[in-house]
Amino acid sequence: MIRIGIVGAGAIAAVHIDGFLQFGSMCEVAAVCDTYVEKAQSLITEKNLNAKAYADIQTMLTEGALDAISICLPPNLHASVAIQALAGKKHVIVEKPMASSLEECDHMIAAAKENNRLLCVVSQNRWKTQLANVKRIMDEGLLGKVVHASFDSLWWRGGVYYDLWWRGTWEQEAGGVFTSHSVHYLDLMQMLFGMPKRVQAFIGNVNHTNSECEDIGFAVFTYEDKVINFTSSLVSHGEKQAIVINGEKASVTIPFSVSAYNSLPNGFPEPNKELEQQIHRRYEELGNLALEGHPAQLLNFLLAIEGKEALALDGNTGRQTIELIHAVYKSAVQQRPVDLPLEPSDPFYTKEGLVQSMPRFHTKGRSVENFSTSKISLGRDFNA
Ligand SMILES: NC(=O)c1ccc[n+]([C@@H]2O[C@H](COP(=O)([O-])OP(=O)(O)OC[C@H]3O[C@@H](n4cnc5c(N)ncnc54)[C@H](O)[C@@H]3O)[C@@H](O)[C@H]2O)c1
């Protein structure tokens with residue numbers, strides 16, 4: 001039985017606990033920790049757990065006889081707590097964003113290696129039927145060579161969202177909408193297409209006056225053989241998120257749709273209904289994932305601990321998404337294209353470099369310790 005400790009008893013912790021509870025024959029949530037220990041205790045009561053509440057992380061790590069921990073803390077604590085837990089020989093799954101800098105990511109990866117423990121980064125949207133099926137269709141060559149893709153990472157949050165104490169500062173959250181929300185879509189981008197060679201970006205803040213960081217941004221990623229445009233927004237009512245993949249033979253979108261053209265002798269399009277139907281048939285054949293979202297990723301983490309599956313998303317993969325985000329920030333601030341990878345000598349490799357380099361769009365004035373509700377949404381489901 002894998003004994004799990006949850007660190008941070010806020011909004012996302014409940015999602016982790018619900019996920020682990022689905023795999024009761026493999027694991028038990030044995031400890032929950034929060035500086036507001038009453039939040040840890042109330043989650044234990046609400047979820048009917050046989051677990052102990054802790055106010056202090058080190059005490060939980062020392063006393064809890066835990067095998068693994070879920071880090072559900074504000075971003076600036078991810079690296080230090082992960083390293084502390086790995087040093088204590090616990091496997092770690094850490095919420096997105098992996099850390100506040102590439103330097104922190106590298107320390108986390110080194111700690112996992114040194115202590116021979118797993119380091120897993122949450123990106124639950126990798127486990128979505130539409131994404132999995134579209135990836136298979138693309139990898140099987142039905143679209144032809146992919147030449148262009150676009151990502152609409154569109155979200156909406158009210159201004160008070162940034163009143164929570166750790167949100168909306170470079171120091172605590174290490175970024176705005178690219179870091180907090182588009183981290184999901186940038187991970188999907190690297191999953192589908194790998195890492196780009198170059199990025200050119202713009203960021204701004206148009207409607208969140210209690211945040212230092214960006215609430216909107218645009219990036220163009222250049223690959224050897226394709227280009228990707230990426231929109232990141234926190235001001236989009238309806239959150240109509242979408243991915244479009246344009247191949248030489250056909251285009252697919254998520255939410256799922258297909259279009260295919262042949263070329264007339266003059267270059268104008270003629271619908272290729274046969275290929276469209278073939279892609280639709282393949283999509284249906286592939287069927288649905290048995291599990292989606294957090295539960296699917298948590299199961300992979302548990303099976304990897306048991307040595308029965310490879311870890312799908314490790315520290316190196318999580319690091320790549322942080323690299324994409326920080327290359328976007330560098331390009332936006334320096335108003336020029338930026339080549340990847342970012343080297344350790346780059347000011348944007350460290351958190352200090354990032355914090356010093358980034359503009360303050362607004363001054364964070366209001367700050368609350370906790371909201372009156374912990375109800376959150378995880379973005380529009382592709383299936384909706
Ligand atoms: N994967 C997703 O879709 C998703 C969705 C929401 C949040 N998240 C991520 O989850 C993390 C937490 O977000 P949240 O919305 O749950 O935040 P939250 O503020 O609701 O919860 C964080 C909790 O950590 C506690 N805490 C802070 N410092 C602590 C310390 N030193 N020791 C013990 N407890 C401490 C706080 O009291 C709070 O209860 C963030 O990294 C966020 O980006 C991911």
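The values are calculated or read from the model by the stated rules, or taken from the named source; none is laboratory data. Predicted model, so just to flag it, every value in this text is computed and none were measured. Please note: Cβ atoms are built from the backbone with ideal geometry, for glycine as well, and neighbour counts cover all protein chains shown.
Only a single criterion out of (1) within 18 Å of Asp67 (Cα to Cα); (2) surrounded by fewer than 20 Cβ atoms within 10 Å (Cβ to Cβ) is not satisfied by Val147, namely (1). With the structure loaded, tell me whether Ala149 is out of contact with any strand residue (DSSP E or B) (no Cβ under 7 Å at 6 or more places or on another chain) and under 19 Å from Ser331 (Cβ atoms) or whether it fails that test. In short, no.
Go through region 45-61 and report how many residues are among the acidic types (Asp, Glu) and farther than 12 Å from Gln84 by Cβ.
Going through region 45-61 one residue at a time, the tally reaches 1.
Filtering Gln334, Gln297 for residues that are in the same structural domain as Gln172 (by TED's automatic domain parsing) and at pLDDT 95 or above leaves a single hit, Gln334. Filtered by the rule that a residue be under 18 Å from the mean Cα position of the chain (by Cα), part of a loop (DSSP other than H, G, I, E, B) and of a type outside the set (Val, Ile, Thr), region 119-158 gives Ser123, Trp127, Lys128, Trp155, Arg157. Out of Thr373, Thr363, one residue alone is away from the ligand (no atom under 16 Å from the Cβ), out of contact with any strand residue (DSSP E or B) (no Cβ under 9 Å at 6 or more places or on another chain) and part of a loop (DSSP other than H, G, I, E, B). It is Thr363.
Let's see how each residue does on (1) surrounded by fewer than 19 Cβ atoms within 10 Å (Cβ to Cβ); (2) within 21 Å of Met26 (Cα to Cα); (3) not acidic (Asp, Glu):
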site	(1), (2), (3)
Tyr261	yes, no, yes
Pro265	yes, no, yes
Arg281	yes, no, yes
Glu284	yes, no, no
Leu303	yes, yes, yes
Thr317	yes, no, yes
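Condition check for Ala68 on (1) out of contact with any Phe, Trp or Tyr (no Cβ under 9 Å at 6 or more places or on another chain); (2) surrounded by 17 or more Cβ atoms within 10 Å (Cβ to Cβ): one failure, at (1). Only residues that are surrounded by fewer than 22 Cβ atoms within 10 Å (Cβ to Cβ) and over 17 Å from Leu154 (Cβ atoms) were counted in region 200-219, giving 3. Of all residues being part of a loop (DSSP other than H, G, I, E, B) and over 27 Å from the mean Cα position of the chain (by Cα) in region 56-75, which is nearest to the ligand (Cβ to nearest atom)? Just the residue, please. Checking each candidate, the answer is Gly64. Any chance region 114-134 includes a residue that's closer than 22 Å to Lys330 by Cα, surrounded by fewer than 23 Cβ atoms within 10 Å (Cβ to Cβ) and in the same structural domain as Glu276 (by TED's automatic domain parsing)? Within region 114-134 (the criterion being closer than 22 Å to Lys330 by Cα, surrounded by fewer than 23 Cβ atoms within 10 Å (Cβ to Cβ) and in the same structural domain as Glu276 (by TED's automatic domain parsing)), the answer is no, since none of the residues qualifies. Just one of (1) crowded, with 24+ Cβ neighbours inside 10 Å; (2) touching a residue at least 40 places away in the same chain (Cβ under 8 Å); (3) within 11 Å of the ligand (Cβ to nearest atom); (4) not small (Gly, Ala, Ser) trips up His78, so point out which. Failed condition: (2). Residues of region 1-50 that are within 15 Å of the ligand (Cβ to nearest atom), of a type in the set (S, T, N, Q) and assigned to a helix (DSSP H, G or I): Gln41, Ser42.
Scan region 165-175 and tell me whether some residue there is over 30 Å from Val368 (Cα atoms), among the basic types (Lys, Arg) and in the same structural domain as Ile245 (by TED's automatic domain parsing). No, region 165-175 contains no residue that is over 30 Å from Val368 (Cα atoms), among the basic types (Lys, Arg) and in the same structural domain as Ile245 (by TED's automatic domain parsing). With respect to the conditions (1) of a type in the set (A, V, I, L, M); (2) farther than 21 Å from Arg167 by Cβ; (3) modelled with pLDDT under 95, Leu378 lacks only one, and its number is (2).
Could you check region 224-241 and list, in sequence order, the residues that are crowded, with 17+ Cβ neighbours inside 10 Å, more than 30 Å from Val368 (Cβ to Cβ) and of a type outside the set (Val, Ile, Thr)? Hits for region 224-241 are Lys226, Phe230. Would you say Ser100 is farther than 20 Å from Leu378 by Cβ, in contact (Cβ under 8 Å) with a residue 40 or more places away in the chain, hydroxyl-bearing (Ser, Thr, Tyr) and surrounded by 17 or more Cβ atoms within 10 Å (Cβ to Cβ)? Answer is yes for this residue. Pull out all pairs, ordered by first then second residue, where Cβ-Cβ is under 9 Å, the residues are six or more apart or on different chains, the first lies in region 31-45 and is of a type in the set (Asp, Glu), and the second is more than 9 Å from the ligand (Cβ to nearest atom). These pairs meet every condition: Asp34/Ile6; Asp34/Gln41; Asp34/Leu43; Asp34/Ala53; Glu38/Ala53.
Taking Gln277 as the residue in question, decide whether it is at positive phi and modelled with pLDDT of 95 or more. Answer is no for this residue. In the set Gly144, Gly159, only one residue is away from the ligand (no atom under 15 Å from the Cβ), modelled with pLDDT of 95 or more and closer than 24 Å to Val220 by Cα; that residue is Gly144. Looking only at region 218-231, decide whether some residue is among the aromatic types (Phe, Trp, Tyr) and assigned to a loop (DSSP other than H, G, I, E, B). Checking region 218-231: at least one residue is among the aromatic types (Phe, Trp, Tyr) and assigned to a loop (DSSP other than H, G, I, E, B).
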